[in-house]
Amino acid sequence: QVQLVESGGGLVQAGDSLRLSCAASGRAFSTYAMGWFRQAPGKAREFVAAVSWSGGRTDYADSVKGRFTISRDNAKKTGYLQTNSLKPEDRAVYYCAAGLTPYGRSRTEYDNWGQGTQVTVSS
């Protein structure tokens, strides 16, 4: 198991940027694929981005492609989600997740979750 703690959320204006971090502890973080998901009020949790254990492969939801960048630093046991050109519809609680299966878009592929960090974007 790996424990995850997100940080970096906040209240920003449309067009601004935030860098979300996901600090890991416990088992070797470098063996886990990592994903970011988000959940807006009244909506289901949705996939945002994922990165393979090595950092060499990434995947993005169409809604964030070109604006968000996922990365990781295995030496620091930390994952990141750089969010640029934020829009009001990006408002949600953002969760990082880790799983031993190859990185994917399904919530069921991840069995370790953080508590989330709130991102609010004003228009």
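The values are calculated or read from the model by the stated rules, or taken from the named source; none is laboratory data. Only a predicted model underlies this, so the values are computations on that prediction, with no experimental measurement involved. So basically every Cβ, Gly included, is an ideal-geometry build from the backbone, and we count neighbours across all protein chains shown. Remember, those area values only see protein heavy atoms, side chains included, never the ligands or the DNA or RNA. Shrake-Rupley method; radii C 1.70, N 1.55, O 1.52, S 1.80 Å.
Things worth noting here:
- For segment 22-60, the tally of residues that are closer than 23 Å to Asp90 by Cα, open to solvent by 10 Å² or more (accessible area, probe 1.4 Å) and not β-branched (Val, Ile, Thr) stands at 13.
Matching residues to (1) within 12 Å of Phe37 (Cα to Cα); (2) surrounded by 15 or more Cβ atoms within 10 Å (Cβ to Cβ); (3) at pLDDT 95 or above; (4) in contact with a helix residue (DSSP H, G or I) (Cβ under 8 Å, 6 or more places away or on another chain):
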| position | (1), (2), (3), (4) |
| --- | --- |
| Thr83 | no, yes, yes, yes |
| Tyr103 | no, yes, no, yes |
| Trp113 | yes, yes, yes, no |
| Thr117 | yes, yes, yes, no |
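- Residue within segment 108-119 that is in contact with a strand residue (DSSP E or B) (Cβ under 6 Å, 6 or more places away or on another chain), polar (S, T, N, Q) and more than 24 Å from Ser30 (Cβ to Cβ) present: yes
- Residue within segment 1-21 that is free of Cβ contacts under 8 Å to residues at least 60 places away in the same chain, open to solvent by 40 Å² or more (accessible area, probe 1.4 Å) and among the hydrophobic types (A, V, I, L, M, F, W, C) present: no
- Members of segment 72-88 that are small (Gly, Ala, Ser) and part of a loop (DSSP other than H, G, I, E, B): Ala75, Ser85
- Subset tally (residues that are within 12 Å of the chain's Cα centre (by Cα) and open to solvent by less than 50 Å² (accessible area, probe 1.4 Å)) for segment 61-81: 10
- Matching residues, segment 89-123, being hydroxyl-bearing (Ser, Thr, Tyr), in contact with a Ser or Thr (Cβ under 6 Å, 6 or more places away or on another chain) and assigned to a loop (DSSP other than H, G, I, E, B): Tyr103
- In segment 88-101, the residue that is most open to solvent (accessible area, probe 1.4 Å) out of those that are in contact with a strand residue (DSSP E or B) (Cβ under 6 Å, 6 or more places away or on another chain) and within 19 Å of Gly42 (Cα to Cα) is Arg91.
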